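Okay, structure first, notes after.
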């Protein structure tokens, strides 16, 4: 099963530049993304695990780092992100300073693409990813790499977005441009099936819906720009701030207006799964 053939490709060089520009404004505008991190931690609190080596895919400006370091003693955390700008902010916020010389906790910062994970196999006890997987151009390959990087018995925990995400914006921009301008979001059932087909053990997924509201629909575009979430496939973010587009965009959003507010829907998918521990003499079944 492949989930990567049906989506348009993301220009990763463009995305890197956009995230670099958004690094200084991300924290002030990532209200929902921060809430999703908190919600994912609530789910992690219910799981018994004592990781020594952990990888965060898409660490952004590093909000998760101190939370993971506080939760797990002796944790070596590898922060991975496509944006050097985001990594610099993460480093500055989460530097252990002189304490790192005597602490068993270590932070490492690596710039790279989630489609290509340059680590040895079976290194990590925990792989965490929040609001990042939707930027993969090869979703099944990314998850396959995650499985390979986990130690037997290791945990993968993540959040991403479902197909109802930004459905208002998607409807309006598709009407204006006569084509999709948003990133492709996978269905929770497809993600669950993929995890099982790849060989993950006991996947658990659930969905939570959020609705952000704006007095002016242009503020949604500003929020997306400030967190680096603009520019879907082949669309430059500057096109979304042109006067002609803004006029058509505001007119299109009127049909979604309720109680003098403009809604922006987000479908958030949370999930976790394990890498199985094969007992001696057991081997996974391979299908040709």
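Key figures
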read-out	value
Residues located in segment 169-222, provided they are assigned to a helix (DSSP H, G or I), touching a residue at least 24 places away in the same chain (Cβ under 8 Å) and in contact with a strand residue (DSSP E or B) (Cβ under 8 Å, 6 or more places away or on another chain)	169, 188, 191, 192, 195, 220
Check on residue 160, assigned to a strand (DSSP E or B), within 17 Å of the chain's Cα centre (by Cα) and under 22 Å from residue 224 (Cα atoms)	yes
Top-ranked residue of segment 121-162 - restricted to ones that are out of contact with any helix residue (DSSP H, G or I) (no Cβ under 8 Å at 6 or more places or on another chain) and without any contact (Cβ under 8 Å) to a residue 40 or more places away in the chain, ranked as surrounded by the fewest Cβ atoms within 10 Å (Cβ to Cβ)	148
Selection within segment 51-66 - out of contact with any strand residue (DSSP E or B) (no Cβ under 8 Å at 6 or more places or on another chain), surrounded by fewer than 22 Cβ atoms within 10 Å (Cβ to Cβ) and part of a loop (DSSP other than H, G, I, E, B)	63
Verdict on residue 108 being without any contact (Cβ under 8 Å) to a residue 40 or more places away in the chain, surrounded by fewer than 16 Cβ atoms within 10 Å (Cβ to Cβ), touching a strand residue (DSSP E or B) at 6+ places or on another chain (Cβ under 9 Å) and not in a helix (DSSP H, G or I)	yes
First in segment 82-102 and farther than 13 Å from residue 22 by Cα, second anywhere and modelled with pLDDT under 95 and surrounded by fewer than 17 Cβ atoms within 10 Å (Cβ to Cβ), Cβ under 9 Å, 6 or more apart	93/66; 94/66; 96/103; 96/105; 96/106; 99/105; 100/106
Test for residue 23: is it surrounded by 16 or more Cβ atoms within 10 Å (Cβ to Cβ), touching a strand residue (DSSP E or B) at 6+ places or on another chain (Cβ under 8 Å) and either modelled with pLDDT under 95 or farther than 19 Å from residue 182 by Cβ (or both)	no
Criterion violated by residue 80 - all others in (1) crowded, with 20+ Cβ neighbours inside 10 Å; (2) more than 17 Å from the chain's Cα centre (by Cα) satisfied	(2)
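The values are calculated or read from the model by the stated rules, or taken from the named source; none is laboratory data. Nothing here was measured: the structure is a model prediction, and the numbers come from that model. Note: ideal-geometry Cβ built from the backbone for every residue, glycine included; neighbour counts use all protein chains shown.
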